Structures are given as C-alpha cells and as structure tokens.
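**Q** Just dropping this structure here.
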Amino acid sequence: MSSVVRMKYSPFCLLALLLYYFLVSPVYGQGLTAGTVGGSAVRVGVGARTAAMGHTFTAVADDVSSIYWNPAGLGQIKRPQLTIMGADWLGGIRHGWIGFGQSLGKWMSVGADVSYIWSGDIPQTIESEADVGRYQEMGTFNYSDMIIRVAIGSGEISTNGYRGIDWGTIRIGGAFQVSQQRVNYSTITGYQLRWNHINLGMIYRPPVKNLKLGLSIFNIGSSEQQYLQQPISIPQHVRIGLAYTITISMPSTAVNNTNMRPSLLQNQMTVAADFDFGYDQNGRSHLGLEYLFSNGFAMRGGYRRRLDADFLSSLSGGFGYATRAYQVDYAFIPFGQVGNAHRISLSLDF
C-alpha cells in the first residue's frame, strides 16, 4: 500500500478557506493599529538556520523549528529530533529556545517547544524632585516573555484523484501555544499577561519537481489584554512562502562517507522567499539561499526587506555542519547602528 494518503479534492479549496478566514477576521484589522503589540517571543523567530536564511522557512519547514514557522512541516521529520538554540540579542537580551519533534509513522508527527526571552536586570530611574534635570536610581526591573507550543503535522496527502489530474500533494498542521509576558520590579508590583492562541500551516507540493509552496497563519484566537488601561494584543499575521531545490550530482567517490545524512549525499541548493502580511500595512518580504555540500557543510544567506534599515543591515548569513547524528548551525544578523545579533543551535537526531 502506498504511504501517501489519497484525497478527492483540490488543495486550492483548502488554501482559499484559510485565506478567507484570515482576510475577513476583524482581529487582523485591529492588530495593525490598536494598542500595543505584546508577546515578543511570538514575533522573534527560532532557529539559527532560518535566521541565516533571512527567515525564509514557510515552504522549507523540514526540521523541528517547523513548530514555529509552519507546523505542517513536522510531517517531514523521519527521526526523533531535538534542537537547542541560544541567541545573543540586542542590548544584552537573551533568547533561548528548545524544541523536540517525533514521527508517529506515515500519518503524522508531533512536537513541542519552549521559547524564552529575558532582558536581565535593568536600572530603574526616576527624575529627582530635589535636583531638577537629574535622575536617581530606584531599584531595577526586568522583562521576560515565554511561549510554550504543542504541534502536530500530517503525513503527505495526495490529491491525484481529483478529476483524474495530478494536483500534487499537501501537508497540514497546527500548533496550540500559550504566551506569557512579565515585567518584574524590585520596588513595586509588576504585571503579567497571558494569551492562548493557535497557528495553522499548510505545505503544498505541486506537480513541479523540487518546488514547494507554504502557508502559515499565526495567533488565531488571541484576545486583547489590558494593562494600566492600555490594550495589549498579539495580532494575527500570515506568511506565504515558496522554496525551490536544485540537486547537483557528485562523483560516486565523493559520497562514500556513511556518517553523512542521506539528504547530504549530493550537493543541494535551495532558493526560498517568504512574504509576511500583518505586522505593518506594507508587508515584509524575505529572501533566502542555502547551499548544502556533500560533506555536510552548509553556507546560507538571506535578505529581510526592512523600511527602517539600509541594505547591508537587512542582510544575514551563516553556516552549519551536519552528520547523521547531529547538526550545528550559526547565524549572524546585523541591525546597523543598533548592533548585531548572533545565534547558535545544536540539533540531535536519535
């Protein structure tokens, strides 16, 4: 029996329904203008590999970071995989992430992850009443943001039966997430906010060799919270992506190393693009490139279109090395005069 499940409808029907839900949702319009945007850990992506590629992962989505970028990609994980990431962010902010994915056979895969952002202790100052124009320290405060997700991704679903035409295959997935934002003060009471919301994703592989299309909808069902009469929300947004992989055959003498992953027995180059709608009215575009050598080494580069930054500050890059048992990745993300960010991740396959 084929390992591909067959369905009798076109994948475009599902795509249309998902887009319709997102576009008509009143939360989408409110999220662009109302109140303050919360949940930093929700908006900061995970994975050093994806960061190096300019955050173009909606259609690629083939490792544990799919839990965040597109839960439909979990179905592409064949072996248990654990990934740990640490990031040196701007202004001394620390960003950590750990994720685990497990295949349950041809039908589905499951995963869970935790993402955490912490500012460290920051001096709290107020204007001095005795000396106008001067400030005095009044203890410290710190900011933290944590999100926990559980996700599920389907196996590959064939649509070949619709009107006798090969429409390709699709994968679908979803993730439930709990976000918690805290500000703690050493001298006064802080605050804590919490949101429950879900992400939905789909990966469509059309009958075009090596091409994948992806769709992710984030933060469905997140409600607006109030703090000091200030509304704080996590707006919905949608990402649409595509990825095209070119395989470059290598001489047989170059692929005899049994320590390498099967996917790395040939040179591969993946070109990807993502389009993000929702955080600002102009949208955001991302471009990424990954070149995997047959020896397990990888080079990556990316571009994030940012209206508030020059061209060089919109670039990113990195490298990695993978075997059958582990993968190490590094990413460098410049932010112009604000500073630079670094990410390192370690993935283990069991």
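Values in this text are rule-based calculations from the coordinates and carry no lab data. Remember, predicted model here, so these are calculated numbers, not experimental data. Don't worry about glycine lacking a Cβ; one is built from the backbone with ideal geometry, like all the others, and counts go over all protein chains shown.
**Q** Using a cut-off of under 17 Å, list every residue of segment 66-84 whose amide N is near the label point 7 Å from the Cα of residue 350 along the Cα-to-beta-carbon line.
**A** 77-84
**Q** If you average the alpha carbon positions of segment 321-336 and of segment 40-61, how far apart do those two centres end up, in angstrom?
**A** 12
**Q** Same structure again: Return the FRET efficiency for the residue pair residue 248, residue 148: r is the Cβ-Cβ distance, R0 is 56 Å, and the value is rounded to the nearest 0.05.
**A** Approximately 0.90, to the nearest 0.05.
**Q** With the crude spin-label approximation of a point 7 Å out along Cα→Cβ, what separation in nm comes out for residue 187 versus residue 106?
**A** 6.7
**Q** How much length, in nm to one decimal, is gained on full extension between residue 84 and residue 140, taken as 0.36 nm per residue of separation minus their Cα-Cα distance?
**A** Separation in residues times 0.36 nm, less the Cα-Cα distance, equals 17.2 nm.
**Q** Under 12 Å Cα to Cα from residue 209, which aspartates and glutamates show up? Leave out anything in the same chain fewer than 8 places away.
**A** Counting by Cα, and skipping residues close in sequence, residue 209 has no aspartates and glutamates nearby.
**Q** Quick check: pseudo-label points 7 Å beyond the Cα along Cα→Cβ at residue 126 and residue 275, how many nm apart are they?
**A** So the label points at residue 126 and residue 275 sit 5.1 nm apart.
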